[in-house]
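Here's the structure, in structure tokens; my notes come after.
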Amino acid sequence: MGTHDVTNQVPPLTGYDAFGTDHVLVDAVARWGDPADATSLHELGTLAGSPTAQGWADDADRQPPRLRTHRPTGERADQVDYHPAYHSLLRTAVAYGLTAEPWTRPSGSGAHLRRAVGFVVWSQVEAGHGCPVSMTYAAAPALGHDPDLAARWVPRLASRDYEPELRPVADKDGALCGMGMTEKQGGSDVRANTTRAEPASDGPVPGAAYRLTGHKWFCSAPMSDGFLMLAQAPGGLTCFVVPRVLDDGSLNPFAIQRLKDKLGNRSNASSEVELDGTWGSRLGDEGRGVRTIIDMVAATRLDCVLGSAATMRAALTRAVHHTRHRSAFGAVLVDQPLMQAVLADLAVESEAATLLGMRLAHAVDQGESAFLRLAVAAAKFWVCKRTPPMVAEALECLGGNGYVEENGLARLYREAPLNSIWEGSGNVNALDVLRAVGREPLAVEALDKELAQARGLDRRVDAAVDGALTAMRAVASADPVQAQLGARRLVQDLAVALQAALVVQYSPSVVAETFLASRLGDTDGRVFGTLSVGSAAAKEVVDLAFAD
């Protein structure tokens, strides 16, 4: 209308390369990966920063999936219908090899690092579709417990062909995999599961056939081609591969009761499922279900770290972009010292999270299983917990505009708590660290070796490493009650020591100094923006963070 001129409004954040503008990712590929992968990652990054991809994200989030339980004729349908934008997002992820492809590549090729970088880049567009991407990636190592089932499933899970239609997996070039572990009565305590699995002498599934009866309380991506599920067999809790469609083309009994009405992650369907004589192939030995599926859990926990790092990065770029184009009180926001302190604090938090995620992915490439045993659980606890307050502070940089859905940060804020819950809440991961510290000396030794690489580079890092390792060893002989009471502090200190050891080795000096000065010792502020570094250093950190 003609009542005023529109000025001082921020242009849309589009037309940038989400990979090329992130020096942490670019450096990680150069340091630990195959430099030839940079070309496809630039392509994916450019698509991630395009109006087309951002439109897909908005549509998929605002028009969530719909469940059709029955056909008009009364038979069960158990179909979930997604907006076409969701399929565009998922098709892109599959086409760029973000599912199980790295498990089919030679060891040490940098394939997991490349995939981790791509996952961080593409998850910044929209996080919900990343759930089936992550589960499909993580299913491959668990399937390795049965060579025949692995031969049937892994090549299809590693394919770059996206085939969303439900058909027998033998008739498809590409497939997706989900998981179903938790039940109403147990949640993370999967040993309390009551779903039964009865052996069948013969059945329409390969390998050792069973029929499952029971329920699953959270079963995300229910239109996947197959699921890894836990059920009580005669020999105890056991893992099974459950297809949606049997080889003869008939639907496996898989009654989707409802879709969860979730806080965030709305493009991704999370369902409650009833199993009634549902066919499954046993994966691993009876009674070894947790041991079998733990390989999948370890990989999905890594993706929780990567997904949270992506959420942090997306929030940071929006905050920096906004403050570079918005003025208040006579100056551009990004040039004002207090805003610089806030943005720099957010930037080092994001960089440390991303760098830690990249190091973990490199460890998968290198087969560093002992290091990963402790490091993944500690990183999952810490990075995922830091995401909600970090995103909230980034949102505040936009003021009221950040609280409006069309600016993207509101969706990130709703998404931010999820990864801290998925694959075990903070307490579950903290207790997992305690178990590893007490029972797995090789994991403790590997973590010690990793931290030792930073010794002598900075006295503050040395002190943090010494403190964390001393606390870790004390836990092994501590009273169980006292050990639990100190578990969160221990895991926090381990994760921050890991981040400090990485940034002092690999981050630009101004970023490393800002991180160490604000995160180690007694200098850590209770809120973002309480840095003790000067304005020039803060500005340099922000400039490095997002080179748009």
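Things to note:
- Look at where the Cα atoms of the range 249-314 and of the range 1-77 average out, and the two centres are 24 Å apart.
- Lys, Arg +1 and Asp, Glu -1 on Cβ, resulting dipole of the range 415-548 about Cα centre, debye, nearest 20: 320 debye
- Among the listed pairs 262/380; 380/539; 184/385; 172/216; 216/385, a Cα-Cα separation exceeding 23 Å is found for 380/539; 184/385; 172/216; 216/385.
- Close amide H partners of residue 267, meaning residues 5 or more places away or on another chain with modelled amide H under 5 Å apart, are 128.
- A straight line joining the Cα centroids of the range 526-543 and the range 360-432 runs 22 Å.
- Size of charge dipole - the chain - debye, nearest 20, with Cβ of Lys, Arg +1 and Asp, Glu -1, no other charges: 840 debye
- For residue 421, the accessible surface of its heavy atoms amounts to roughly 110 Å² (probe 1.4 Å, protein chains only, rounded to the nearest 10).
- Taking GluC sites (Glu not before Pro) across the range 38-139, the ones in a DSSP loop with at most 14 further Cβ atoms lying within 10 angstrom of their Cβ are 75.
- Applying a DSSP loop filter and a limit of 15 other Cβ atoms within 10 Å to the trypsin sites (Lys or Arg not before Pro) in the range 399-457 leaves 455.
- Residue ranges 463-471, 277-285 sort as 277-285, 463-471 when ordered by packing (mean number of other C-beta atoms within 10 Å per residue, highest first).
- For the chain: relative contact order, % (alpha-carbon pairs under 8 angstrom, 6 or more apart): 14 percent
- Axial C-alpha extent at least 30 Å, average Kyte-Doolittle at least -1.0 - helices from the chain (DSSP): 289-325, 337-366, 369-397
- Equivalent ellipsoid dimensions for the chain as semi-axes, Å, which come from the Cα gyration tensor, largest first: 39, 29, 20
- When shorter helices are ignored and each DSSP H run of at least 4 residues is given -39500 (n - 2.57), the per-residue value for the chain at 222 nm works out to -17000 deg cm²/dmol.
- 4, 112, 70, reordered so the largest accessible area comes first (probe 1.4 Å): 4, 70, 112
- Relative contact order, percent, the range 62-208 [alpha-carbon distance under 8 Å, six or more residues apart]: 19 percent
- Across the range 399-548, the mean sequence separation of Cα contacts (distance under 8 Å, 6 or more residues apart), normalised by length, yields a relative contact order of 19 percent.
- Most to least accessible of 16, 86 (protein chains only, probe 1.4 Å): 16, 86
- Computed with every protein chain present, the accessible area of residue 145 is close to 80 Å² [probe 1.4 Å].
- Positive-end extreme of charge dipole, the chain - chosen from 502, 391, 314 (charges on Cβ): 391
- Taking the charge dipole of the range 336-448 about its Cα centre, with +1 at Lys and Arg Cβ atoms and -1 at Asp and Glu Cβ atoms, the residue from 437, 375, 341 reaching farthest to the positive side is 437.
- Amide hydrogen neighbours beyond the local backbone of residue 179, cut-off 5 Å, H modeled: 220, 228
- Applying the Kirkwood pairwise sum to the alpha-carbon positions of the range 470-516 produces a hydrodynamic radius of 12.0 angstrom.
The values are calculated or read from the model by the stated rules, or taken from the named source; none is laboratory data. It should be emphasised that the depicted structure is a prediction, and the values quoted were computed from it without experimental measurement. Virtual Cβ from ideal backbone geometry, glycine too; neighbours counted across all protein chains shown. The protein model used for the area step is the full one, side chains on, heavy atoms only, and it has no ligands, DNA or RNA in it. Shrake-Rupley method; radii C 1.70, N 1.55, O 1.52, S 1.80 Å.
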